[in-house]
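Before any comments, here is the structure.
The values are calculated or read from the model by the stated rules, or taken from the named source; none is laboratory data. Nothing here was measured: the structure is a model prediction, and the numbers come from that model. Using ideal geometry, Cβ is built from the backbone for each residue, glycine included, and neighbour counts are taken over all protein chains shown.
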Amino acid sequence: MSEHKQAHVSQFEPSHGTVNSYIIGFASCIVLTVVAYMVATSTTISNTAAIAIIAGLAIVQCVVQLTRFLHLGAEFKPRWKLLVFAGMLIIVLIVVVGSLWIMNNLNYRMLHSSDQLQEYVESQDGL
Amino acid sequence: MSAIAERAAGAQRTVLGFWIYLMTDCVLFATLFATYAVQRNSTNGGPGGAALFDLPYVLVETMLLLTSSFTCGLAVIALQRRNKQLLLRMLAVTFVLGLAFVGLEFNEFRYLVTEGNDWQRSGFLSAYFTLVATHGLHICVGLLWALVLGVQIWRRGLGGNTVKRMTLFSMFWHFLDVVWIFIFSVVYLWSGRL
């Protein structure tokens, strides 16, 4: 009976990690978090560089957690999980990048002073 | 043997289905992140993130959640080794760390609201509270799930669907930590820099 149970467990998910894999994942996540925190609070790094480094570290940590904790990419073919993940990534990029693009463009066109607006209306020969 | 294989295949389908749910949840969070990114400067004359957020405090929250994600992974390994005592202990540690995280987050919200910086103060704060509280609500659901799972394992042992249910819970919990990486980076760490 216990042998059957063992077979059941091992057949169920081929992609469960080992203790070492979890410890390596955990340790690297701590390092990545602390480094990102130090970059954010440092006064010597410029804003643009800090934002880029924090974004890079977040993506690296995301990949570490997806592979070490969620075992993404460790499944057998056909890799449905990876396929659904890729689809999700495309939608997320469209939503986030699209929103920022459209709204920044809108801000650029709308945020003029009333004087500038008046000038524009007059230059257009009224409305 | 074929019955076992059949059951394993069924469990695999459930895991894939749950994974698809998690991916749609990602899209939900993406819309909230997009809203936050658009509203980040809409402070309506009120304070921005740099003035409001206490980074060392949030670092402690982050470490609590990260550690609970790790202990959740150890609980899965304990189940693989059919070690009920270790599994329950790891699940309990995960639960306590998650509870501490929610407590700290609630305290942070309470502080903001009592200082007059609630979600009605500005578009920025509306977006902030919606994004972070949606994650917090997910964590609360996860805590309830861990509690129910723990009690059932304690009372009924490791038989039945325990492996499947523990796998689904661990996926949910790890996923919430992945979302938190981006909340920590985009909302908190970027706040003084944008």
Report yes if B:Thr71 is of a type in the set (Ser, Thr, Tyr), touching a Ser or Thr at 6+ places or on another chain (Cβ under 6 Å) and at the interface with chain A (Cβ under 10 Å from one of its Cβ atoms), otherwise no. yes
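State whether the residues of the stretch A:77-87 include one that is part of a helix (DSSP H, G or I), in contact (Cβ under 8 Å) with a residue 12 or more places away in the chain and in the same structural domain as A:Val19 (by TED's automatic domain parsing).
No, the stretch A:77-87 has no match at all.
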Residue check, A:Leu70 against (1) part of a helix (DSSP H, G or I); (2) within 8 Å of another protein chain (Cβ to nearest Cβ); (3) touching a helix residue (DSSP H, G or I) at 6+ places or on another chain (Cβ under 7 Å), all met but one. Which one? (1)
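Which one is farthest from B:Thr71 (Cα to Cα) among residues in the stretch A:73-87 that are under 15 Å from the mean Cα position of the chain (by Cα) and surrounded by fewer than 19 Cβ atoms within 10 Å (Cβ to Cβ)?
Quick first cut of the stretch A:73-87, residues under 15 Å from the mean Cα position of the chain (by Cα) only: A:85-87.
Those still in the list that are surrounded by fewer than 19 Cβ atoms within 10 Å (Cβ to Cβ) too: A:86-87.
Numbers: A:Ala86: 28, A:Gly87: 30 Å.
Ranking the qualifying residues of the stretch A:73-87, first place goes to A:Gly87.
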Among the candidates B:Leu55, B:Leu65, B:Leu28, single out the residue that is surrounded by 19 or more Cβ atoms within 10 Å (Cβ to Cβ) and either of a type in the set (Lys, Arg) or in contact (Cβ under 8 Å) with a residue 60 or more places away in the chain (or both). B:Leu65
Given the condition among the hydrophobic types (A, V, I, L, M, F, W, C), at the interface with chain B (Cβ under 10 Å from one of its Cβ atoms), touching a residue at least 24 places away in the same chain (Cβ under 8 Å) and in contact with a helix residue (DSSP H, G or I) (Cβ under 8 Å, 6 or more places away or on another chain), answer yes or no: does some residue in the stretch A:91-108 qualify? no
Test B:Leu65 against the criterion of being within 14 Å of another protein chain (Cβ to nearest Cβ), within 25 Å of A:Val96 (Cβ to Cβ) and in contact with a helix residue (DSSP H, G or I) (Cβ under 7 Å, 6 or more places away or on another chain), and give yes or no. yes
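Considering only the stretch B:23-60, state which residues are assigned to a helix (DSSP H, G or I) and of a type in the set (Ser, Thr, Tyr).
Start the filter on the stretch B:23-60 by keeping residues that are assigned to a helix (DSSP H, G or I), which leaves B:23-39, B:49-52, B:55-60.
Of everything in the stretch B:23-60, those that are assigned to a helix (DSSP H, G or I) and of a type in the set (Ser, Thr, Tyr) turn out to be B:Thr24, B:Thr31, B:Thr35, B:Tyr36, B:Tyr57.
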If I go through the stretch B:174-194 residue by residue, how many of them are of a type in the set (A, V, I, L, M) and outside any helix (DSSP H, G or I)? 1
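Here's the yes/no breakdown for (1) more than 8 Å from every other protein chain (Cβ to nearest Cβ); (2) crowded, with 21+ Cβ neighbours inside 10 Å:
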position	(1), (2)
B:Val151	yes, no
B:Trp154	yes, no
B:Met166	yes, yes
B:Phe182	no, no
B:Ser185	no, yes
With B:Thr43, B:Thr35, B:Thr31 as the choices, which residue is within 27 Å of A:Asn107 (Cα to Cα) and within 7 Å of chain A (Cβ to nearest Cβ)? B:Thr31
